[in-house]
1. Give VAL245, VAL262, VAL192, VAL233 a once-over and let me know the one that is over 28 Å from LEU127 (Cβ atoms), in contact with a strand residue (DSSP E or B) (Cβ under 9 Å, 6 or more places away or on another chain), among the hydrophobic types (A, V, I, L, M, F, W, C) and not assigned by TED's automatic domain parsing to the domain that holds PRO131.
2. How about the range 282-297: which of its residues are of a type outside the set (A, V, I, L, M) and either surrounded by fewer than 16 Cβ atoms within 10 Å (Cβ to Cβ) or under 28 Å from LEU55 (Cβ atoms) (or both)?
3. Within the bounds of the range 65-88, is there any residue that is without any contact (Cβ under 8 Å) to a residue 40 or more places away in the chain, more than 23 Å from PRO279 (Cα to Cα) and touching a helix residue (DSSP H, G or I) at 6+ places or on another chain (Cβ under 7 Å)?
4. Quick check: anything in the range 87-110 in a strand (DSSP E or B) and within 30 Å of LEU237 (Cα to Cα)?
5. Restricting the search to the range 64-86, which residues are in a loop (DSSP other than H, G, I, E, B) and either closer than 18 Å to VAL20 by Cβ or of a type in the set (Val, Ile, Thr) (or both)?
6. If we keep just the residues of the range 188-203 that are surrounded by fewer than 19 Cβ atoms within 10 Å (Cβ to Cβ) and in contact (Cβ under 8 Å) with a residue 24 or more places away in the chain, which is nearest to ASP48 (Cα to Cα)?
7. Determine whether the range 28-46 contains at least one residue that is in the same structural domain as ALA173 (by TED's automatic domain parsing), assigned to a helix (DSSP H, G or I) and more than 20 Å from PRO239 (Cβ to Cβ).
8. Please go through the range 111-146 and give me each residue that is free of Cβ contacts under 8 Å to residues at least 12 places away in the same chain and either assigned to a helix (DSSP H, G or I) or aromatic (Phe, Trp, Tyr) (or both), ordered by number.
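The values are calculated or read from the model by the stated rules, or taken from the named source; none is laboratory data. Everything quoted here is computed from the prediction, not taken from an experiment. Because the Cβ atoms are built from the backbone with ideal geometry, glycine has one as well, and the counts that use them run over all protein chains shown.
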Amino acid sequence: MQLPQPDSRFPHLADVVPSVLAAMGVAGFDSRILLHGNLSGACVLLIDGLGAELLDTCAADAPVLAGMRGQTLQVGFPSTTVAGLAALGTGCRSGEHGMVGYSFRLPGTGLFNALRWRPHPGGQDLLEEVPPERMQPMPTTLERAVSAGVAVSVVSPAEFTGSGMTRAVLRGARYVGVQGLGDLAACVRAAVADGGFCYGYHGELDLLGHLYGPGSAAWRMQLRQVDRLVESVVEGLPPGGLLAVVADHGMVAVETADIVDVDGCEPLLDGVQAIGGEPRARHVYVADGATEAVLAAWRGTLADRAWVVSREEAVAAGWFGERVADEVRPRIGDVVVAARGSAAVVRRTVEPLESSLIGHHGSLTTAEQRVPLLLAYG
């Protein structure tokens, strides 16, 4: 089976923030994406779950976004929020920043949920035991920009103030906690007008995609609200201002016939010590000497529903980027599983909530990998 590999025709999500800061003339940043220069202020606004294929299909529901449609980005593996936010926040791929999934094994800690900063599938907060600054020690793009003299802010829901993920990949900026779309739009407009750089985040499109399916009526109604949000920001862009709208991943609706429940399939558990990731991107950690047997069992059971490879094969194929740091390798599964088509590898006993969702992401299909880069200049 031929493995998918990163497509060099598309810039990476990790290239966005360094390119915007370079266009603002900030020292220490290189332009990886062609943008207008001499910017006086800018915002990178991430709309969680806004895949390029979904936007193109539902363009009638988002005329402002569709009118800004231009370049397409790839997000890398896994195509999930933890890795996407880390790519934006560090300017690096997952093999370097180390946030390799929704959950993954952390040496000395066990299976770790990076989004919630807790043990997986449940447990108490691990902020003291696993300091985010130690988990992800690379300087963030925001820290570097502040050091260069730029006023930098993060405009995101108030509930994420001081969270593990915020500290790990967005530290260094002034955090502006918001409560709704109007609050988000107003704070982004103010940050750009003041001549600073800000990162903004909206997550409800992704939530509704998980619950009702991407492209569902509920998802499309939320897309209309996102379109109005972006229009409100664009209307207030000052001369020299930039709004760059991106996403962390796309999404697919899984089919019941293509769902495999690991907890109900004994051959998939033989020789397995822990299973991380999410239904379309799994890290499988195995007992010593069991890798080949586990590979054979998962390949035989999943057949054409997934790409099932060893850690070494995934790294060699460039799934985690050109470089995988030595400290990151143990976080990657001994066996890595990336779903194909509309398949999902769920755990109905261990992960009942995640297993009940309709929309999923994480894998290497174009629906999940490709996201739009939407630009508006003042």
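1. On inspection, the qualifying residue turns out to be VAL262.
2. Scanning the range 282-297 gives ARG282, ASP288, GLY289, GLU292.
3. Scanning the range 65-88, I find at least one residue that is without any contact (Cβ under 8 Å) to a residue 40 or more places away in the chain, more than 23 Å from PRO279 (Cα to Cα) and touching a helix residue (DSSP H, G or I) at 6+ places or on another chain (Cβ under 7 Å), so the answer is yes.
4. Taking the range 87-110 as the starting set, the residues that turn out to be in a strand (DSSP E or B) are 103-106, 110.
After this cut, where a residue has to be within 30 Å of LEU237 (Cα to Cα) as well, the list is none.
There is no residue in the range 87-110 that is in a strand (DSSP E or B) and within 30 Å of LEU237 (Cα to Cα).
5. Of everything in the range 64-86, those that are in a loop (DSSP other than H, G, I, E, B) and either closer than 18 Å to VAL20 by Cβ or of a type in the set (Val, Ile, Thr) (or both) turn out to be MET68, GLY70, GLN71, VAL75, THR80.
6. Among those that are surrounded by fewer than 19 Cβ atoms within 10 Å (Cβ to Cβ) and in contact (Cβ under 8 Å) with a residue 24 or more places away in the chain, it is GLY203.
7. no
8. Result: ARG134, single match.
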